[in-house]
Amino acid sequence: MLLIMPAATPPTPPASPASDYVPVLTSLSSVYSPQTLPSEEARWTHLRTAFAAAYPGEAITFVARSPGRVNLIGEHIDYSLFDVLPMAISQDVLIAVHVGAKDGMLKLQNTADAYEPREFEVAGLRGYKIDSKVLEWSNYFLSGVKGAYALNDNLEVPSMHCLIDGRIPTGSGLSSSSAFVCAALLAVRTAVAATKLLPTPVTVKALAGTTSKSELVKSAIISERNVGVNSGGMDQSASVFGVPDHALRVQFSPELNVTPIAFHGNEFAFVIANTLVVADKHVTGPVHYNLRVVETTLAAEILAKQCGLGALPVRDGFGGTLRGVVDAFEKSRGISFDGVIEVAKRVFVKKGGYTLAEASTMLGVPEEEITQKYMTRFPVRFERLQLRARTLHVLEEARRVTRFCDLLAMTPTPAEIDTYYASLGAIMLSSHASCRVQYDCSCPELDAVVALAIANGAYGSRLTGAGWGGATISLVRKKRVEGLVDALKKEYYYKHFPGISEEQLAEAICVTEPGLGSAVVVTW
Ligand code: NG1
């Protein structure tokens, strides 16, 4: 369980746009909050020791870090280009790097024994083909390398000896994979810059301005697709742009824009509970995540065709989006968002879904062409495409994000505070219901934890991230947090995992707060 405690005092406004560059820092207190600092200091000390053992005689030149994220609201709508509201958490991936070796190798070691050391010749990295069918931890680093080449094809990747330490539970819906890809991309770019300085030691000044946050995000989104998931951009945006004590309204259209939003009041907390049901998008992609991307993309294309909207703008070379449909309706017909929802209901009347043949007729495109265009790079399996349910979820969830943000912009009086939280909570609950019913991305364990949270005083609760396992996020009054935690332990963890070890429980029950995004740390 992760507890997110909004700051006691209204937070200072976020850094100015001048800081579009990933910060280069020299102290851990600039990275972590006072609550997490002591344990992080111990962890970073251990990282030094582990690095010395992994690469005897070599010093750490810098550490690239990127955090996980939790999503407050706006699930499965980023790849339809609607705004989402995540926040970075303090759990992160660290990549300690030594540059200056002359062996021409990218060496990767991990502090977790489960991940075997890997080595690659840097000369072969540019053309390296990542096999997304193989579940291989180093693929995430190599995705980051691909991203670095995508930003600069002439890049000369130097010898890099790396030690990786990740603290975001994998498959928990807290975006360990995106954090890893973002950190790897940042590590490569920083290594290139640091190598140019040799033999002079790296300084903040010399590395500052090496990597733009927006570029890092855009490239990380595309490069993470090398590991077989047709992902949206929420996770990378939150990981890179995280601002302490703020949620982030991430806008993808007309272009990437991240607005930090402060929380009002300090009487409530967000509790994040990992169900410990591991959801692996890479394994289940063809029937879960990647299929949802296909369904929503086809739904957009069909709506455009059936309503004569013309060609939709294409997202990352894949297809049109429901956001494109809403924009086209607004522009060409003056139809409001709610009006588009009604149109979608009239176009997609079949509640049981559509066969590929039916979708092909509606789109006026042969089945083979649809398969080739949308179902080949990221293969999918289905009997019926649930065009109605998926479209309704996406449009209604997008509307919920707007309502949630509108509420966050209000300043409730003390007398209004309870109703205020209840309104936020109700939106979260209706998001969960829609994920469960219309998007079919929940599971019994997520539903059980959500129900327990509500039964134990939470204002609202919902799955967070892709779903099908992973974590929930609940909005709770601070004074009720302890009771909720006890109830979850008793009614969920001990019941579902009778043999749960203290270590596992400690991973499922930890404390965090909205934290800083990606950073490079040079001395500490
Ligand atoms: P997870 O699996 O929780 O990291 C995924 C996607 C997001 C977004 C959410 C659902 C990746 C890397 N991330 O998040 O972009 O679509 O599902 O809202 O695929």
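What pairs can you find where one residue is in segment 484-499 and more than 21 Å from residue 458 (Cα to Cα) and not assigned by TED's automatic domain parsing to the domain that holds residue 448, the other is open to solvent by less than 60 Å² (accessible area, probe 1.4 Å) and at pLDDT 90 or above, and their Cβ atoms are less than 6 Å apart, with a gap of 6+ or different chains?
That search, which allows pairs on different chains as well, returns nothing.
Taking into account only those residues within segment 345-364 that are over 31 Å from the mean Cα position of the chain (by Cα) and in contact (Cβ under 8 Å) with a residue 60 or more places away in the chain, which is farthest from residue 133 (Cα to Cα)?
Filtering first and then ranking leaves 362.
Restricting the first residue to segment 126-139 and requiring it to be part of a loop (DSSP other than H, G, I, E, B), which pairs with a second residue that is open to solvent by 70 Å² or more (accessible area, probe 1.4 Å) meet a Cβ separation below 7 Å and a spacing of at least six or different chains?
Qualifying pairs under 7 Å: 137/115.
Here is a yes/no grid of residues against (1) away from the ligand (no atom under 16 Å from the Cβ); (2) open to solvent by less than 50 Å² (accessible area, probe 1.4 Å); (3) in contact with a Phe, Trp or Tyr (Cβ under 9 Å, 6 or more places away or on another chain):
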site: 267; (1), (2), (3): yes, no, yes
site: 283; (1), (2), (3): no, no, no
site: 312; (1), (2), (3): yes, yes, no
site: 324; (1), (2), (3): yes, yes, no
site: 342; (1), (2), (3): yes, no, no
site: 350; (1), (2), (3): yes, no, no
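Any residue at all in segment 75-91 that is under 30 Å from residue 257 (Cβ atoms), more than 16 Å from the ligand (Cβ to nearest atom) and touching a residue at least 60 places away in the same chain (Cβ under 8 Å)?
yes
For segment 166-205, how many residues meet the condition of being more than 16 Å from the ligand (Cβ to nearest atom) and of a type outside the set (Val, Ile, Thr)?
Of the residues in that region, 12 qualify.
So, in segment 462-498, how many residues would count as being within 16 Å of the ligand (Cβ to nearest atom) and either open to solvent by 10 Å² or more (accessible area, probe 1.4 Å) or hydroxyl-bearing (Ser, Thr, Tyr) (or both)? Give the derivation first.
Initially, segment 462-498 is screened for residues within 16 Å of the ligand (Cβ to nearest atom), giving 462-473.
Restricting the remaining residues to those that are either open to solvent by 10 Å² or more (accessible area, probe 1.4 Å) or hydroxyl-bearing (Ser, Thr, Tyr) (or both) gives 464, 466, 468, 472.
The total comes to 4.
Six or more apart or on different chains, Cβ under 7 Å: which pairs go from a residue in segment 174-195 that's more than 25 Å from residue 514 (Cα to Cα) to one that's within 16 Å of the ligand (Cβ to nearest atom)? Could you list them?
Once the first residue is more than 25 Å from residue 514 (Cα to Cα) and sits in segment 174-195, its partners that are within 16 Å of the ligand (Cβ to nearest atom) give 188/144.
Filter segment 228-240 down to the residues that are surrounded by 24 or more Cβ atoms within 10 Å (Cβ to Cβ) and closer than 21 Å to residue 135 by Cβ, then identify the one that is farthest from the ligand (Cβ to nearest atom). Walk me through it before giving the result.
Narrowing segment 228-240 to residues surrounded by 24 or more Cβ atoms within 10 Å (Cβ to Cβ): 228, 231-232, 234-240.
Of the ones still in play, those that are also closer than 21 Å to residue 135 by Cβ are 228, 231, 235-236.
Working: 228: 10, 231: 3, 235: 5, 236: 7 Å.
Looking at residues that are surrounded by 24 or more Cβ atoms within 10 Å (Cβ to Cβ) and closer than 21 Å to residue 135 by Cβ, I get 228.
Any idea which of 66, 39, 33 is touching a strand residue (DSSP E or B) at 6+ places or on another chain (Cβ under 7 Å), among the small types (Gly, Ala, Ser) and at pLDDT below 95?
Step by step, each of 66, 39, 33 is checked, and only 33 is touching a strand residue (DSSP E or B) at 6+ places or on another chain (Cβ under 7 Å), among the small types (Gly, Ala, Ser) and at pLDDT below 95.
The values are calculated or read from the model by the stated rules, or taken from the named source; none is laboratory data. Nothing here was measured: the structure is a model prediction, and the numbers come from that model. As a convention, Cβ positions derive from the backbone with ideal geometry for all residues, glycine included, and neighbour counts pool all protein chains shown. The accessibility values were calculated without ligands, DNA or RNA, using every heavy atom of the protein model including side chains. Shrake-Rupley method; radii C 1.70, N 1.55, O 1.52, S 1.80 Å.
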